[in-house]
Amino acid sequence: MEYDIEFKDVSFRYAGAEKDALSGINLNICPGDIVLVTGPAGSGKTTFCSCINGLVPHYHEGELSGQVIVRSYDTKRARIGGLASLVGMVFQDPDSQLVTSSVADEVAFGPENLGVPRAEINQRVTEALSATRLIGFEEREPHNLSGGEQQACSIAATYSMHPEIYVMDEPLANLDPAGRLQVLQVLIDVAKQRQKTLIIVEHSLEEVLPLVDRVLVMEGGQIVRDGTVDKVLAEGDIPRVFTRPALVRLADKFGLDLKTYSAEKFYADLNAFKPLGVIEAADGPPAQSARSSTPLIEFQNVHYAYKGQAEALSGVNLLVHEGELVAILGRNGSGKTTLVRHIIGLLHPSEGRVLVAGRDVAVTPTHELTQEIGFCFQNPNHQLVAFNVRDEMTFGLKAHNIDPSEFDERIYRALDQVNMLDALDAEIFDLGKGQKQRLALASVLTLNPKILVIDEPTTGQDPQMTKEIFDIIQHLNDLGTTIVMITHRVDYAAAYASRAIVMNRGAVAFDGPVLDLISDVEMMRANSLDLPDITKLALQLRQHGVPPWTIKYEQLEHHLGQLVEASRGD
């Protein structure tokens, strides 16, 4: 049998590394297979992908043993350029693969280099832009797009090349929920219609598992589980490595079909055993903690437009009070990043004012603002300046004239908080995007900021690390730090933040308690937001007394246990 991809006892160690990034990989992938690769950050997923398109060993320095065969090509001998027409790859960091000055040129770039006729190129560009929600962006400069729009652009550029094998390294990480569903469905449909092989690296199992044929779970550079979706789910969770989606875990606990991917099917299956009774309904959503009356951040009728473009912010009026934990939500391109960049003075209003602790940001020196405000960019490459982790952690401390006697204590504490102490002596170039994101957060934490502004803190993080980062954010907030964070993770926003601000086309569409937001289905849908699966199931069970604002797995597990007991007692 002929395979599209073969790994024959493949191991790889990056130059200067102490252990293998991949170790003893053996697998075959058939033409037309749709394969999910998952596992914790740093488990070797990106290195695995880089072996398929020849970046390992031709670009990334290190020692490769074994063979990687792509179609008939041994990647040790084939050139990267030759493999590019065969393997289309979307990188974990989309900004790193954007090379032209307009979105239309970016999408046309690949087909042009393959010698595709102009008329067909134009058709491919239109199809790719439509599939990725980028119609109207043709003349936009890719590096000025939001992170989610850049990711969509990279996917469109790969889509237009019509490769034989698609390799997607976390293609959904920066997209809003509606965009994730659309782009994922497009990728799957294209692979099936064109009978192409698709390798997709993702942590978001809820969306991907129903659409793939096979699952590879990686840990420590090895494949620790490999099989059909049914087989992998039936084998259960692997602590800190592989956690099945919430509805699958609940289905397993209550003896239901593990293919219960939707709240509707879960409810129907549960109710089929015996009609469910009613548990005592809660009086209302939990009370929100009282916030300080002291305004710390104030937007006064703020307008802003990037050169030659429509307004990115339009008449924004907001107050953030001392000690709040605020989630900024909204679809890609809605103005979220533009909004928070005004807080640190990276952007100044074309009209209106932004005040931080009573000071006008537009006339306050940046070095004064950064003494109180820590800012984490959506793309960590935009703020990492050193070559290794230790120097990166030291850089900010030196710039802010912190006493050198405090360096070690601050560095160790911050790296420990983000679970990166073992990377203290690592080269930044060797880190994955998720690790870089945590490093950027750690470097900010060394400065003990009064205000912490974070743009998508969990991009590239595995589920365990996502929870740990939100726990860190919660802990900092409990200690008095004011937190403003952009996230597409509505489930975590609902679990951790007390307040949500939803941006839509540069204006504030919603500002209030998070639990009020997730109860407003129309508001959620209008802003490309999606309810957590837990809340979707709680809404199905609302008539049985389950609170519709249920957002945590443990809460719903408890309510389901009550319902099952109630039905047995009838």
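Values quoted throughout were computed directly from the atomic coordinates according to the rules given, and no laboratory measurement underlies them. Only a predicted model underlies this, so the values are computations on that prediction, with no experimental measurement involved. Backbone-built Cβ (ideal geometry, glycine too); neighbour counts: all protein chains shown.
Some values worked out for this structure:
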read-out: Amide proton proximity set for M218, modelled H, under 5 Å, gap of 5+; value: T38, G39, V224
read-out: Solvent-free Debye scattering, log10 I(q)/I(0), computed from the Cα coordinates of the stretch 5-241 at q = 0.12, 0.16, 0.17 Å⁻¹; value: -0.66, -1.17, -1.31
read-out: Computed E for D189/N401 - FRET, C-beta separation, R0 56 angstrom, nearest 0.05; value: 0.50
read-out: The stretch 158-205 - convex hull of alpha carbons, volume per residue in Å³; value: 75
read-out: Average Cα contact separation per residue, the stretch 198-330, under 8 Å, 6 or more apart, as relative contact order %; value: 13
read-out: The stretch 384-448: Rg to Rh, with Rh as the Kirkwood radius over Cα pairs; value: 0.93
read-out: Under 23 Å from the Cα of K274 - lysines, other chains or at least 8 residues apart; value: K253, K259, K265, K536
read-out: Rounded FRET efficiency, nearest 0.05, which uses the C-beta distance separating D511 from Q383 and R0 of 25 Å; value: 0.35
read-out: Extension reserve of the T294-Q543 stretch, reckoned as 0.36 nm per residue once the Cα distance is removed; value: 85.6 nm
read-out: The stretch 1-78 shape via C-alpha gyration tensor axes, a/c threshold 1.5; value: oblate
read-out: Mean Cβ neighbour count within 10 Å, used as a protection proxy, ranking 302-314, 87-99, 109-121, 321-333 highest first; value: 321-333, 87-99, 302-314, 109-121
read-out: For the stretch 411-564, diffusion coefficient by Stokes-Einstein and Kirkwood Rh (Cα), 25 °C, 0.890 mPa s, µm²/s; value: 142
read-out: Protection proxy ranking, peptides 261-273, 69-81, average beta carbon neighbours within 10 Å, highest first; value: 261-273, 69-81
read-out: Under the span-like rule (Cα at least 30 Å along the axis, Kyte-Doolittle mean at least 1.6), DSSP H helices of the chain; value: none
read-out: Square roots of five times the Cα gyration tensor eigenvalues for the chain, Å; value: 36, 32, 25
read-out: Helix-only [θ]222 nm of the chain, DSSP H runs n ≥ 4, -39500 (n - 2.57) each, per residue, nearest 500; value: -10500 deg cm²/dmol
read-out: Kirkwood Rh, Cα atoms: Rg over Rh of the stretch 201-257; value: 0.94
read-out: Mean shadow area of the stretch 230-357, taken as a quarter of the surface of its Cα convex hull (nm²); value: 14.0
read-out: Between the stretch 373-410 and the stretch 226-246, the Cα center-to-center distance that results, in Å; value: 38
read-out: Centre separation in Å (Cα based) which lies between the stretch 19-42 and the stretch 448-489; value: 30
read-out: For peptides 523-536, 443-456, sequence by mean Cβ density within 10 Å, most packed first; value: 443-456, 523-536
read-out: Summed side-chain charge close to E164 - residues other than E164 whose Cβ falls under 11 Å, Lys, Arg +1, Asp, Glu -1; value: +2
read-out: Kirkwood-based shape ratio for the stretch 407-495, expressed as Rg/Rh from alpha carbons; value: 0.94
read-out: Mean Cα-pair separation over length for the chain, i.e. relative contact order, pairs under 8 Å, 6 or more apart, %; value: 15
read-out: Cα gyration tensor shape of the stretch 76-211, rounded if a/c is under 1.5, else prolate or oblate by comparing a/b with b/c; value: rounded
read-out: Förster radius 56 Å - calculated FRET efficiency between Q97 and E554, Cβ distance, rounded to 0.05; value: 0.90
